[in-house]
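Notes to accompany the following structure.
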Amino acid sequence: MHRTFYEYLMTLRNPNDHGEIAEFAKNAFLDQSFPKQEKDYHRLSDYLELNGNYLPTMAIFDETYHDYLASESTGGDSNQ
C-alpha cells in the first residue's frame, strides 16, 4: 500500500525538532484544508502556493516531496 504525501509528512512531525521540515509537518497537521489524500506533486504544489502561508519557501516542499518519493520507492518505511 502506498501512502499519501500527507501520511508521509506526518511521520516527520516532532515537537522537539524546530527544523524547517518538522515545522512544515506540524503546520500541515494544523491546516484543516490540507489535501490529505493527494499524492500528485503539481496538485500539492498548487495548493501550497495558494494556501501554504506557513511555508517560508517552496524549496522546503520540494525537498520533502523528493524524500517522499524516495521513501515510497524503498518501501515507504524510512523515517528521517
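Read-outs throughout are calculated quantities, based only on the coordinates presented, and are distinct from any laboratory measurement. Here the structure is a predicted model, which means the values were calculated and not measured. All Cβ positions, even for glycine, are placed from backbone atoms using ideal geometry, and neighbour counts span all protein chains on display.
Data overview
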read-out: Positions within segment 21-70 being among the β-branched types (Val, Ile, Thr) and under 16 Å from TYR6 (Cβ atoms), in sequence order; value: ILE21, ILE60, THR64
read-out: Any hit, segment 4-18, residues being among the aliphatic types (A, V, I, L, M) and crowded, with 16+ Cβ neighbours inside 10 Å; value: yes
read-out: Residues of segment 56-66 that turn out to be surrounded by fewer than 16 Cβ atoms within 10 Å (Cβ to Cβ) and closer than 15 Å to GLY19 by Cβ, as a count; value: 4
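Okay, residues lined up against (1) aliphatic (A, V, I, L, M); (2) touching a residue at least 40 places away in the same chain (Cβ under 8 Å); (3) more than 18 Å from LEU69 (Cβ to Cβ):
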position	(1), (2), (3)
GLY19	no, no, yes
GLU23	no, no, yes
ALA28	yes, no, no
ASP31	no, no, yes
GLU38	no, no, no
HIS42	no, no, no
GLU49	no, no, yes
LEU55	yes, no, yes
